[in-house]
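> I'd like to ask some things about the structure below.
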Amino acid sequence: MENALPTLRQERGWSQQRLAEELGVSRQTVISIERGRFDPSLPLAFRIARLFGTSIEAVFQPEDEA
Amino acid sequence: MDAATTDRRTRWGRVRGTAGTPAMAIAIPAGLLLAAAAGAVSAAMIAAPSPLLVGLAIGGSTVAPFVALVWALLVDRDSLRGAVDRPEDSVEGAWYDRAAQGAFSDTILVVGLATAALAITGLRIDVVVALVGVLLVAMGSCGVRYLVARRRG
């Protein structure tokens, strides 16, 4: 799954550690999501979208639609 | 989790349900007691030229596992420094789940093949050896699979 997490994070000037603390997950989780190697659970995807004030679709896109 | 809670976190954490009792303050003496009991029971039950030596060896070698066991049972994970608020959403949980699923399949496969081999050859092995073997296969498979998943990121 493609995602805009690195862009959204960098727009806020946040480190991966800062984002992980905001979401209550490990830094490795953020790294894995950004690399597209880990698809977050639905609750985590909602938290990410809410944190950046956007929708899930704006953050995550299926690879065939990206 | 608020900053005050985060500041109260310690390396070894606190006992669940207490105001602030360090987990190690309970785990170490309890582990020592359990190890001493294991050593005493071993010395009394195992027939050996030197029961005292057997008791010391068993007691000494089980101190660390017993301390770790008591600590794991008592500690409040939220009081550990570096613990994440939502471990169920972290990638490490997904790695463990995948590793455990794979280890289950590996264990079934190995036990099946070993059972077939023993049935065909007529060999007989001690039950304790067999159970230790199953345990090692399951733990080894889970550990290796977890490390591979972590390496892949």
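The values are calculated or read from the model by the stated rules, or taken from the named source; none is laboratory data. Computed from a predicted model, the values in this text were never measured in an experiment. Neighbour counts are summed over all protein chains in view; Cβ atoms, including those assigned to glycine, are modelled from backbone coordinates with ideal geometry.
> For the range A:1-49, which fully contained helices (runs of 4 or more DSSP H) count at least 1 residues that are within 22 Å of B:Ala83 (Cα to Cα) and either within 11 Å of chain B (Cβ to nearest Cβ) or not basic (Lys, Arg) (or both)?
Here the list reads A:16-23, A:27-34.
> Would you point out which residue out of B:Ile125, B:Ile108 is part of a helix (DSSP H, G or I), loosely packed, with under 13 Cβ neighbours inside 10 Å and out of contact with any strand residue (DSSP E or B) (no Cβ under 8 Å at 6 or more places or on another chain)?
Exactly one of B:Ile125, B:Ile108 is part of a helix (DSSP H, G or I), loosely packed, with under 13 Cβ neighbours inside 10 Å and out of contact with any strand residue (DSSP E or B) (no Cβ under 8 Å at 6 or more places or on another chain), namely B:Ile108.
> Read through the list (1) in contact with a strand residue (DSSP E or B) (Cβ under 8 Å, 6 or more places away or on another chain); (2) within 20 Å of B:Val84 (Cα to Cα), then give the number of the only condition that A:Glu63 fails.
Failing condition for A:Glu63: (2).
> Scan the range B:24-62 for residues that are part of a helix (DSSP H, G or I), among the β-branched types (Val, Ile, Thr) and more than 23 Å from B:Arg11 (Cβ to Cβ) and jot them down. Please lay out each step first, then the result.
At the first step, the residues of the range B:24-62 found to be part of a helix (DSSP H, G or I) are B:24-45, B:51-62.
Filter once more, so that each one left must be among the β-branched types (Val, Ile, Thr): B:26, B:28, B:41, B:54, B:58, B:62.
Answer for the range B:24-62, where residues must be part of a helix (DSSP H, G or I), among the β-branched types (Val, Ile, Thr) and more than 23 Å from B:Arg11 (Cβ to Cβ): B:Val41, B:Val54, B:Ile58, B:Thr62.
> Right, A:Leu23: closer than 24 Å to B:Arg150 by Cα and surrounded by 20 or more Cβ atoms within 10 Å (Cβ to Cβ) or not?
Values: closer than 24 Å to B:Arg150 by Cα: yes; surrounded by 20 or more Cβ atoms within 10 Å (Cβ to Cβ): yes.
Here the answer is yes, as A:Leu23 does meet what is asked.
> Which residues, taken from the range B:54-89, are under 30 Å from A:Glu21 (Cβ atoms) and of a type in the set (Val, Ile, Thr)?
B:Val75, B:Val84
> A further question follows. Across the range B:128-151, what is the total count of residues that are surrounded by 11 or more Cβ atoms within 10 Å (Cβ to Cβ) and closer than 21 Å to A:Ser32 by Cβ?
Residues in the range B:128-151 being surrounded by 11 or more Cβ atoms within 10 Å (Cβ to Cβ) and closer than 21 Å to A:Ser32 by Cβ: 9 in total.
> What number of residues in the range B:70-98 are modelled with pLDDT of 90 or more and assigned to a helix (DSSP H, G or I)?
14
> Out of A:Gln61, A:Gln28, report the one residue that is surrounded by fewer than 19 Cβ atoms within 10 Å (Cβ to Cβ) and closer than 22 Å to B:Leu147 by Cα.
Residue meeting the stated conditions: A:Gln28.
> Next question. Counting just the residues of the range B:61-91 that are among the charged types (D, E, K, R) and touching a residue at least 24 places away in the same chain (Cβ under 8 Å), which one comes out nearest to the other protein chains (Cβ to nearest Cβ)? Don't jump to the end; show me each part of the working.
Applying the first criterion (among the charged types (D, E, K, R)) to the range B:61-91 yields B:76-78, B:81, B:85-86, B:88-89.
With touching a residue at least 24 places away in the same chain (Cβ under 8 Å) added as a condition, the list becomes B:76-78, B:81, B:85.
Values: B:Asp76: 17, B:Arg77: 13, B:Asp78: 11, B:Arg81: 13, B:Asp85: 3 Å.
So, considering only residues that are among the charged types (D, E, K, R) and touching a residue at least 24 places away in the same chain (Cβ under 8 Å), the one nearest to the other protein chains (Cβ to nearest Cβ) is B:Asp85.
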